[in-house]
Amino acid sequence: MRKAFVVENHLSYRVLRWVLGVALVTGVVVSAIQVTLDAGGVSRSLDEQAQQTIALVRDAATQSVFSIDDELAQQVVDGLFAQEAIRMARITHPDGEPLGKGTRPLQMSAFRPITDPIFAPERHYREALSRHGSPGTVYGHLDIHYDTAHAARTWLERASVTFASGIAIAIVLGLALFVVFYLLLTRPLMRIVQSVTLVDPAQPEDRLIVLPGGHRSDELGLWVNATNNLLIAIGETQKRHREAEDRVNRLARYDQLTGLPSRETFMELLQADLDEAQQQRHVLALVVCGIDDFKSINEQCGFRTGDLLLQTVADRLTQRLGASRFTLARLGSDQFGIVEKGLHDGYQAAKTADQILASISETMVFEGQAISMTATLGIAMFPADAREPDRLLQSAEQTMALAKQHGHNHFQFYVASIDKEIRERKQLEKDLSQALAGHQFHLVYQPQINLETRRIIGAEALIRWEHPEKGLVPPDHFIPIAEVNGSIVEIGQWVLDQACWQAARWAEESMPLRIAVNLSAVQLRQPSIVDDVLNTLKRHNIPAGRLELEVTETSFMTNLEDAVAKLHRLHKAGISIAVDDFGTGYSSLTYLKRMPVQHLKIDKQFIRDLLVNEEDTRIANTIIDLGKSLNLSVVAEGVETAEQEYYLTQRGCKLAQGYFFSKPLLPRDFETFVAGFHQKLMENNV
Ligand code: C2E
Ligand code: CA
Ligand code: CA
């Protein structure tokens, strides 16, 4: 804490005290000398006055004693008393007999105790009386006593004035000196002190001391200049120190060759990334990338080229991956560490791994020499494989070493199950990209039955993938993959085209059925989806009423306005819209009212446990009632038993679909089924 600056500590006050002290003492001493000298003068003038008086009356007094004339003597004495200061006057014979005499008391005055010791209360003068002709003969004596009070008072008055003026001069001088000192020194010094407190110790040269005006060339100016020069010098020294420190820091924290963070820095960054992933509940992948056979590249091409290759790898990784989601580092001579943040699953990490492998394996040309390199990657996932940075890095490094034993230019996940799953999924994705061109898809159709009339009113088209090796792959397996990589758009268009073609064929064969086609959320987001659908209808020359599109609740929740607009256009054209899997999503009344929807499909999960699970039964009932009140027809999906069918019919559900009636069928089988179903119906009616 800064001590408060007490006024008594001001230099100018101290100067004032001293000056006042010295001036007062000097004033007192000088006045005392003056007064003493004056006292001497007063003393002398008293004596002189007495001598003059004696000289004045001397002859008359002598005459009175000579002629023994006591009348004259008394006259002389009385004359003397005209003077105020005479206290006693006496003319005596030589034998001491007084001839004439007068006295008056000493004047009373308050200052006597001061002046009496100096001048004595009274002064005695004795004059021997003799005649001019015979100076040796003494006829008598004249005694005069002078009261000193009168002269002493005048002296004292003068002395007081002398002391007072001496002290006044001392005070005025002291004050004048104080003001001058304050203006010339204290005030500018205080300003300088204030300016000094504003100097930033970290950057002293940024804010130098300000010199108060008018002191440029005096001692203050010199001092401020010298101090400012010192501050600038200190600032420069500090800057040099900081730069040196930064350099040392960079050397330790960053790899000299590639400029990437060093292993130590990487561990810190990894910890921070892990904290973030933990907080946001994200998955994080740590990839350790080892260049394959880097030793032999070094031996063949030399260390200089080896260094250049590593720099190129670092540059390529930095450019390809970017800083926002990735943390890059050089872990060892030919090893790089890559952290990928904000993931949902290992599948995304596998994609990144592919990108890394691709960018490293691009041919590099050095001094006319083409060099190809590959790398092998080990991947560990947070939080599945490890939660601590050390363990995670260890896992990734081990995996990388292990992967190198099985070959080059590939990646491997730490956990075998994930590794296998991701590998399979990647393979499936690759196969899927060729499925359309390879004519591996076909459609099956599942009849939809009107429970009241017991007639087949339509069919849902469902895709099937006949994989050349794996056989039939269920749509639940590959549709999500196609949705992620966007190929669902092309596949969905194919389904639509195929279903419309089929509807047209069946119409020609006098089997005019409504075909329901599943429309993925990704498809609905396509700006051209409405035109694509309408063009397809036109191409196959089928009325729009023949087509129903099944959309899930989630697919229009992402961009409600856009979805509403598109569905309205489709509906206006005559296409009916069904909400698929109703009851599993938001099931919000608000959007249902805004949507041009004609059908609600109760998800098969609620039908499966109908009459067994109370909750599911209640949900199915609610959806049926909701359909009634909103004037929407409800389709029960996944009806497998006669009990379910009976219950739904009783409850007022109009349409149904499920294994109880038929599994999804190939077109030929579907035709046979329809023929058989209606045949049975006719027989029953008969
Ligand atoms: P979804 O639209 O809910 O289709 C109904 C699914 O229930 C079909 O499975 C169907 O075979 C099955 N199913 C029908 N009746 C029964 C039954 O009585 N019991 C049981 N347990 N299941 C029954 P599938 O064909 O495997 O299709 C699964 C999902 O794949 C579909 O569910 C749909 O979301 C999607 N999908 C199928 N084909 C396409 C398509 O062409 N395009 C798009 N975008 N998605 C499709
Ligand atoms: Ca469906
Ligand atoms: Ca469904």
By Cβ neighbour count within 10 Å, fewest first, I422, I607 rank I422, I607
If one compares the long axis through the Cα atoms of helix 475-485 with the longest principal axis of the Cα atoms of the chain, the angle in degrees, nearest 10, works out at 50
Taking D273, D143 and counting other beta carbon atoms within 10 angstrom, the fewest-first order is D143, D273
Neighbours of R104 by Cβ distance under 9 Å: Lys/Arg at +1, Asp/Glu at -1, summed charge 0
Taking every other residue with Cβ under 13 Å from the Cβ of K341 and scoring Lys and Arg +1, Asp and Glu -1, one gets -2
By the mean-Cβ-within-10 Å protection proxy, highest first, 303-309, 194-200 rank as 303-309, 194-200
Computed over the chain, the relative contact order (Cα-Cα under 8 Å, seq sep at least six) in percent reads 7
Rounded to whole angstrom, the alpha-carbon centroid of the range 165-201 lies from that of the range 111-132 at a distance of 55
For the range 495-554, inverting the pair-averaged 1/r of distinct alpha-carbon atoms gives a Kirkwood value in Å of 11.9
Restricting to Cα pairs under 8 Å and 6 or more apart, the percent relative contact order of the range 478-542 works out to 40
Residue by residue through the range 651-656, the couplings from Karplus 6.51 cos²θ - 1.76 cosθ + 1.60 with θ = phi - 60°, in Hz, x for Gly and Pro, are 6, x, 7, 7, 10, 8
In order over the range 61-75: 3J(HN,Hα) from phi, Karplus 6.51/-1.76/1.60, θ = phi - 60°, whole Hz, x for each Gly or Pro, gives 5, 4, 4, 5, 6, 4, 9, 6, 9, 6, 5, 4, 4, 5, 4
per DSSP, antiparallel bridges as share of beta bridges in the chain, % nearest 5, sits at 70
The long-range amide H neighbours of H467, using H built 1.01 Å from N in the peptide plane and a cut-off of under 5 Å, are L472, V473
Taking the range 261-416, the equivalent ellipsoid from its C-alpha gyration tensor has semi-axes in Å, biggest first, of 27, 15, 14
Expressed in Å to one decimal, the Kirkwood Rh of the chain from all distinct alpha-carbon pairs is 38.8
Placing one equal point scatterer on each C-alpha of the range 497-626 and summing with Debye, one gets log10 I(q)/I(0) at q = 0.12, 0.18, 0.21, 0.22 Å⁻¹ equal to -0.51, -0.98, -1.17, -1.23
P261 neighbourhood, Cβ < 13 Å, K/R = +1, D/E = -1, net charge 0
Taking Cα atoms only, helix 488-508 is inclined relative to the longest principal axis of the chain by an angle, in degrees rounded to 10, of 30
Whole-Å distance linking the alpha carbon centroid of the range 255-289 with that of the range 581-654 is 50
Counted neighbours (other Cβ, 10 Å), sorted fewest up, put I602, I209 in the order I209, I602
Relative contact order as a percentage, the range 13-171, C-alpha pairs under 8 Å and 6+ apart, gives 30
Among GluC sites (Glu not before Pro) in the range 424-525, those in a DSSP loop whose Cβ has at most 15 other Cβ atoms within 10 Å are E452, E469, E509
Compactness summary of the range 13-171: radius of gyration and Dmax from Cα atoms, Å, are 21.8, 78
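Read the figures in this text as sums done on the coordinates, not as results from a lab. Here the structure is a predicted model, which is why all the values come from computation and not from measurement. Because the Cβ atoms are built from the backbone with ideal geometry, glycine has one as well, and the counts that use them run over all protein chains shown.
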